[in-house]
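The values are calculated or read from the model by the stated rules, or taken from the named source; none is laboratory data. Here the structure is a predicted model, which means the values were calculated and not measured. Neighbour counts are summed over all protein chains in view; Cβ atoms, including those assigned to glycine, are modelled from backbone coordinates with ideal geometry. Quick note on the areas: whole protein, heavy atoms, side chains included, nothing else; ligands and nucleic acids left out. Shrake-Rupley method; radii C 1.70, N 1.55, O 1.52, S 1.80 Å.
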Amino acid sequence: MGRSCYRILQSQYPHFITCTVLNWIPMFTRPATVQIVLDALHYRQLRNGWRIYAFVILENHMHLLIQADDLANQIAHFKSYTARQLIDYLHEIKAERLLAQLKWFRKAHKTDRDYQLWEEGSHPQLIDNPEVLRQKLDYIHLNPVKRGYVDLPEHWRYSSARSYAGMEGLLPIYRDWF
C-alpha cells in the first residue's frame, strides 16, 4: 500500500481515501483523463464489488468513500492501472510537459519505471458510524465549492453530489448506509 502509516484493517466498513497526483500536478483538467479514472472505478464496481458511497475528482486529487474486500490491495491495483492508462494517454496526445513533470518528480526509489503518477499511500480513514460517514460525504461534496469552482456541490460534474441531489450521476453510488 505504499509507505503510509495508515492501514486498512476492517474491509467490512467504508473508508475515506485520498489519491493525490504526484507533486499536485494538475492531471485531471481534460475530460479524457477523468474518464480513464471513472471507467476504472466503474469496472471495479462491476468486477470487484466496490461500494462507492461518494467521490469527487479535482484537477490533482480525488477523494473516495469506498468499501471493498482487500481494499488496500484493490487501491494499489487501481492506482497502478490508472497510472499506466494515464501515462499511455499522455504519450498518445504528446503531452510532453506533463510527462516531463511525472519523470522529474518521480521518487528516487521508483527505479522500475520512468514515470510516477500517484503519490504513495492513500491515507485511509475508517468510517464506522453514520455521523462520520455524513461528515466525510459533506467534505467530499463541498470540496469544489470551497475551492470556488462551483456554487453548489451538484454543479461539479465529477462528483457523486449529483446523485445525492437526485440528478443523474456518472457512477452508481451505494447509499445503503449502516
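Values as computed for the structure displayed
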{"read-out": "Residue (of Thr82, His15, Tyr158) at the positive-pole extreme of the chain, dipole from beta-carbon charges", "value": "Thr82"}
{"read-out": "Distance in nm between pseudo-label sites at Tyr89 and Val132 (7 Å out along the Cβ direction from Cα)", "value": "3.3"}
{"read-out": "Average accessible surface area per residue within region 18-113, 1.4 Å rolling probe, Å²", "value": "49"}
{"read-out": "q = 0.19, 0.25, 0.30 Å⁻¹, region 92-144: log10 I(q)/I(0) [Debye, one scatterer per Cα]", "value": "-0.76, -0.94, -1.17"}
{"read-out": "Given charges at beta-carbon only (K, R positive; D, E negative), |dipole| of region 1-100 in Debye", "value": "120"}
{"read-out": "Proximal lysines relative to Lys107, as straight alpha-carbon distance under 22 Å, when same-chain residues fewer than 8 apart are discounted", "value": "Lys79"}
{"read-out": "Region 1-97: proportion of alpha-carbon pairs further apart than 18 angstrom, %", "value": "46"}
{"read-out": "For q = 0.22, 0.32 Å⁻¹, Debye-computed log10 I/I(0) when each Cα of region 36-81 counts as one equal scatterer", "value": "-0.76, -1.50"}
{"read-out": "More than 18 Å apart - percent of Cα-Cα pairs taken over region 85-178", "value": "65"}
{"read-out": "The chain: Rg to Rh, with Rh as the Kirkwood radius over Cα pairs", "value": "0.95"}
{"read-out": "For region 42-134, alpha-carbon Rg and Dmax in angstrom", "value": "15.4, 46"}
{"read-out": "Charge dipole magnitude, Cβ of K and R +1, D and E -1 - the chain, Cα centre, debye nearest 20", "value": "380"}
{"read-out": "Accessible-area composition of the chain, carbon plus sulfur, in percent [1.4 Å probe]", "value": "47"}
{"read-out": "Descending principal axes extents, region 62-106, alpha-carbon based, whole Å", "value": "37, 20, 16"}
